[in-house]
Amino acid sequence: MRKSLLLVAFLLFGWALIPNQAQAQYNNWAVGFRVGEPSGINVRKYFSENHAFDLNIGTYGGLYGTKRSYRAGEYKSVGLAIQGHYLWHKALTKSESIRGYYGFGGQVNTRRYYPPRLNGEYENALSLGGSGIGGLEFFPTGKPYSFFLETGVYVELLQAPFFLNLNTGLGLRYNF
(Lines give C-alpha, C1' and ligand atoms only; values in the text may rest on other atoms or scores of the structure.)
Protein backbone atom coordinates (compact mmCIF):
# COMPACT_ATOMS: atom_id res chain seq x y z
CA MET A 1 0.00 0.00 0.00
CA ARG A 2 2.80 2.39 0.93
CA LYS A 3 4.59 1.69 -2.38
CA SER A 4 1.39 2.38 -4.31
CA LEU A 5 0.91 5.74 -2.57
CA LEU A 6 4.52 6.72 -3.30
CA LEU A 7 4.11 5.74 -6.95
CA VAL A 8 0.91 7.79 -7.28
CA ALA A 9 2.56 10.81 -5.59
CA PHE A 10 5.57 10.54 -7.92
CA LEU A 11 3.37 10.32 -11.03
CA LEU A 12 1.27 13.31 -9.94
CA PHE A 13 4.41 15.37 -9.28
CA GLY A 14 5.73 14.56 -12.77
CA TRP A 15 2.34 15.31 -14.30
CA ALA A 16 2.32 18.71 -12.56
CA LEU A 17 5.53 19.69 -14.33
CA ILE A 18 4.12 19.19 -17.84
CA PRO A 19 3.47 22.60 -19.48
CA ASN A 20 0.20 23.48 -21.18
CA GLN A 21 -0.06 26.00 -23.99
CA ALA A 22 -3.82 26.65 -23.68
CA GLN A 23 -5.84 28.40 -21.00
CA ALA A 24 -7.00 25.48 -18.85
CA GLN A 25 -10.34 26.95 -17.80
CA TYR A 26 -11.63 27.14 -21.38
CA ASN A 27 -11.04 23.48 -22.21
CA ASN A 28 -13.98 21.13 -22.58
CA TRP A 29 -13.19 18.38 -20.07
CA ALA A 30 -11.37 17.92 -16.77
CA VAL A 31 -10.74 14.62 -14.97
CA GLY A 32 -9.17 14.11 -11.57
CA PHE A 33 -9.72 13.01 -8.03
CA ARG A 34 -11.43 14.46 -4.99
CA VAL A 35 -10.63 13.78 -1.35
CA GLY A 36 -13.48 14.52 1.01
CA GLU A 37 -17.11 13.57 1.19
CA PRO A 38 -17.54 11.91 -1.28
CA SER A 39 -13.96 10.86 -2.16
CA GLY A 40 -13.19 9.46 -5.56
CA ILE A 41 -13.09 10.29 -9.24
CA ASN A 42 -14.14 13.74 -10.40
CA VAL A 43 -15.16 14.60 -13.99
CA ARG A 44 -16.10 18.09 -15.14
CA LYS A 45 -17.60 19.06 -18.50
CA TYR A 46 -17.39 22.77 -19.38
CA PHE A 47 -20.26 23.94 -21.59
CA SER A 48 -19.26 27.57 -21.93
CA GLU A 49 -17.19 30.23 -20.26
CA ASN A 50 -19.55 30.27 -17.25
CA HIS A 51 -21.38 26.89 -17.09
CA ALA A 52 -20.28 23.33 -16.35
CA PHE A 53 -21.45 19.95 -15.05
CA ASP A 54 -19.50 18.22 -12.29
CA LEU A 55 -19.70 14.48 -11.51
CA ASN A 56 -18.20 12.74 -8.45
CA ILE A 57 -18.13 8.96 -8.07
CA GLY A 58 -16.60 7.52 -4.94
CA THR A 59 -16.90 6.60 -1.30
CA TYR A 60 -19.51 8.04 1.04
CA GLY A 61 -19.34 8.12 4.81
CA GLY A 62 -15.61 7.82 5.37
CA LEU A 63 -14.60 11.39 6.15
CA TYR A 64 -17.15 12.11 8.87
CA GLY A 65 -17.02 8.66 10.43
CA THR A 66 -18.19 5.23 9.40
CA LYS A 67 -20.43 4.86 12.46
CA ARG A 68 -23.32 7.33 12.42
CA SER A 69 -26.94 7.39 13.59
CA TYR A 70 -29.35 6.98 10.71
CA ARG A 71 -33.12 6.53 10.90
CA ALA A 72 -33.83 4.11 13.79
CA GLY A 73 -30.41 2.41 13.53
CA GLU A 74 -26.98 3.39 12.29
CA TYR A 75 -24.44 3.24 9.51
CA LYS A 76 -21.26 1.30 10.31
CA SER A 77 -19.46 1.28 6.97
CA VAL A 78 -18.35 3.32 4.00
CA GLY A 79 -20.63 3.28 0.96
CA LEU A 80 -20.75 4.39 -2.65
CA ALA A 81 -21.91 7.83 -3.78
CA ILE A 82 -22.69 9.30 -7.19
CA GLN A 83 -23.08 13.07 -7.10
CA GLY A 84 -23.78 15.50 -9.96
CA HIS A 85 -24.04 19.31 -10.00
CA TYR A 86 -24.85 21.87 -12.65
CA LEU A 87 -22.39 24.73 -12.01
CA TRP A 88 -22.10 28.44 -12.61
CA HIS A 89 -18.50 29.68 -12.48
CA LYS A 90 -16.82 33.05 -12.79
CA ALA A 91 -13.28 34.41 -12.87
CA LEU A 92 -12.31 36.15 -9.63
CA THR A 93 -9.03 37.60 -10.94
CA LYS A 94 -8.10 39.42 -14.15
CA SER A 95 -5.78 36.58 -15.15
CA GLU A 96 -8.66 34.12 -14.61
CA SER A 97 -6.31 31.87 -12.61
CA ILE A 98 -8.82 31.73 -9.74
CA ARG A 99 -12.45 30.94 -10.44
CA GLY A 100 -15.36 30.72 -8.05
CA TYR A 101 -18.28 28.40 -8.64
CA TYR A 102 -21.53 27.20 -7.14
CA GLY A 103 -24.12 24.71 -8.21
CA PHE A 104 -27.02 22.43 -7.42
CA GLY A 105 -27.78 18.82 -8.19
CA GLY A 106 -28.41 15.44 -6.68
CA GLN A 107 -26.73 12.54 -4.97
CA VAL A 108 -27.38 8.80 -4.79
CA ASN A 109 -25.77 6.80 -1.97
CA THR A 110 -25.66 3.19 -0.92
CA ARG A 111 -24.41 1.98 2.47
CA ARG A 112 -24.90 -0.81 4.95
CA TYR A 113 -27.68 0.13 7.35
CA TYR A 114 -27.97 -1.68 10.69
CA PRO A 115 -31.55 -1.40 11.97
CA PRO A 116 -32.23 -2.52 15.57
CA ARG A 117 -34.81 -5.09 14.41
CA LEU A 118 -32.10 -7.17 12.66
CA ASN A 119 -29.92 -7.64 15.80
CA GLY A 120 -26.54 -6.79 14.30
CA GLU A 121 -27.32 -7.82 10.73
CA TYR A 122 -27.44 -5.20 8.00
CA GLU A 123 -29.46 -4.31 4.97
CA ASN A 124 -28.27 -2.30 1.99
CA ALA A 125 -29.74 1.19 2.10
CA LEU A 126 -30.12 3.23 -1.09
CA SER A 127 -30.69 6.92 -0.48
CA LEU A 128 -31.44 9.83 -2.79
CA GLY A 129 -31.28 13.55 -2.15
CA GLY A 130 -30.42 17.02 -3.34
CA SER A 131 -27.14 18.81 -2.86
CA GLY A 132 -25.59 22.20 -3.28
CA ILE A 133 -21.92 23.08 -3.58
CA GLY A 134 -19.66 26.13 -3.75
CA GLY A 135 -15.94 26.34 -4.28
CA LEU A 136 -12.76 27.87 -5.62
CA GLU A 137 -10.56 26.54 -8.41
CA PHE A 138 -6.96 27.58 -9.03
CA PHE A 139 -5.40 27.23 -12.50
CA PRO A 140 -1.57 27.55 -12.34
CA THR A 141 -0.30 29.57 -15.29
CA GLY A 142 0.75 27.42 -18.23
CA LYS A 143 -0.18 24.11 -16.58
CA PRO A 144 -2.81 21.56 -17.69
CA TYR A 145 -4.19 20.99 -14.22
CA SER A 146 -6.20 22.82 -11.59
CA PHE A 147 -6.67 22.54 -7.83
CA PHE A 148 -10.05 22.96 -6.18
CA LEU A 149 -11.54 23.37 -2.72
CA GLU A 150 -15.29 23.13 -2.16
CA THR A 151 -17.99 22.74 0.44
CA GLY A 152 -21.70 22.08 0.38
CA VAL A 153 -24.57 20.15 1.87
CA TYR A 154 -26.54 17.00 1.04
CA VAL A 155 -30.22 16.86 2.06
CA GLU A 156 -31.71 13.40 1.81
CA LEU A 157 -35.21 13.00 0.41
CA LEU A 158 -35.51 9.19 0.34
CA GLN A 159 -35.04 7.05 2.86
CA ALA A 160 -34.61 9.54 5.68
CA PRO A 161 -36.15 12.89 4.65
CA PHE A 162 -34.12 15.90 5.79
CA PHE A 163 -31.10 13.83 6.89
CA LEU A 164 -28.20 16.28 6.42
CA ASN A 165 -24.57 15.61 5.59
CA LEU A 166 -21.77 18.06 4.94
CA ASN A 167 -20.07 17.59 1.55
CA THR A 168 -16.55 19.00 1.52
CA GLY A 169 -13.62 18.24 -0.67
CA LEU A 170 -10.35 19.23 -2.24
CA GLY A 171 -8.77 17.81 -5.31
CA LEU A 172 -6.81 18.00 -8.50
CA ARG A 173 -8.11 17.87 -12.08
CA TYR A 174 -6.31 17.48 -15.40
CA ASN A 175 -7.86 19.80 -18.00
CA PHE A 176 -7.86 18.74 -21.65
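Being over 18 Å from residue 71 (Cα atoms) and without any contact (Cβ under 8 Å) to a residue 40 or more places away in the chain is the filter here, so list the residues in the stretch 153-170 that pass it.
Scanning the stretch 153-170 gives a single hit, 153.
For the stretch 133-176, which positions are touching a helix residue (DSSP H, G or I) at 6+ places or on another chain (Cβ under 9 Å), among the hydrophobic types (A, V, I, L, M, F, W, C) and surrounded by 19 or more Cβ atoms within 10 Å (Cβ to Cβ)?
139 - this is the single residue of the stretch 133-176 that is touching a helix residue (DSSP H, G or I) at 6+ places or on another chain (Cβ under 9 Å), among the hydrophobic types (A, V, I, L, M, F, W, C) and surrounded by 19 or more Cβ atoms within 10 Å (Cβ to Cβ).
Quick one: residue 107 ticks every box in (1) polar (S, T, N, Q); (2) in contact with a Ser or Thr (Cβ under 6 Å, 6 or more places away or on another chain); (3) farther than 14 Å from residue 54 by Cβ bar one, so which box is it?
Among (1) polar (S, T, N, Q); (2) in contact with a Ser or Thr (Cβ under 6 Å, 6 or more places away or on another chain); (3) farther than 14 Å from residue 54 by Cβ, the lone unmet condition for residue 107 is (3).
Determine which member of the set 60, 70, 64, 75 is surrounded by fewer than 16 Cβ atoms within 10 Å (Cβ to Cβ) and in contact (Cβ under 8 Å) with a residue 12 or more places away in the chain.
64
Quick check on my filter: what residues within the stretch 78-130 are open to solvent by 70 Å² or more (accessible area, probe 1.4 Å) and among the aromatic types (Phe, Trp, Tyr)?
Of everything in the stretch 78-130, those that are open to solvent by 70 Å² or more (accessible area, probe 1.4 Å) and among the aromatic types (Phe, Trp, Tyr) turn out to be 86, 88, 102, 104, 122.
The values are calculated or read from the model by the stated rules, or taken from the named source; none is laboratory data. Just so you know, these numbers come straight off a predicted model, no measurement behind them. Backbone-built Cβ (ideal geometry, glycine too); neighbour counts: all protein chains shown. We work out accessible area using only protein heavy atoms, side chains counted, and drop any ligands, DNA or RNA first. Shrake-Rupley method; radii C 1.70, N 1.55, O 1.52, S 1.80 Å.
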